[in-house]
1. Which ones in segment 40-74 are hydrophobic (A, V, I, L, M, F, W, C), under 17 Å from Asp22 (Cβ atoms) and surrounded by 10 or more Cβ atoms within 10 Å (Cβ to Cβ)?
2. Mind listing whichever residues of segment 7-61 are without any contact (Cβ under 8 Å) to a residue 40 or more places away in the chain, among the aliphatic types (A, V, I, L, M) and closer than 25 Å to Pro72 by Cα?
Amino acid sequence: MPNAPKTPARQIRIGDEWYDFDAAVKSLDTERAAVMRLLIAWYLREPGAKLPPRPDRQVVLDARRDRRAAGPDA
């Protein structure tokens, strides 16, 4: 089976912060799933787990501004 993921997909409900999160992780050249895994490991107090780096706050503010400027259907 081509492109078979190693782990099953999980669904969670997140508001518009999801788009801000996407912009933030892309600014650090990573992916949302990678950051989520790091956060979960840290939250579960896994040995050696550390919080991932955070982007500049301006990245989030710019993403929100751009999304609002694009309108509700963008």
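The numbers here are math on the coordinates, done by the rules we state, and not lab data. The shown structure was predicted, so the numbers you read here are calculated from the model rather than taken from an experiment. Here the Cβ positions follow ideal geometry from the backbone for every residue, glycine too, while neighbour counts run over all protein chains shown.
1. Val59, Val60, Leu61, Ala63
2. Selection gives Ile12, Ile14, Ala24, Val25, Val59, Leu61.
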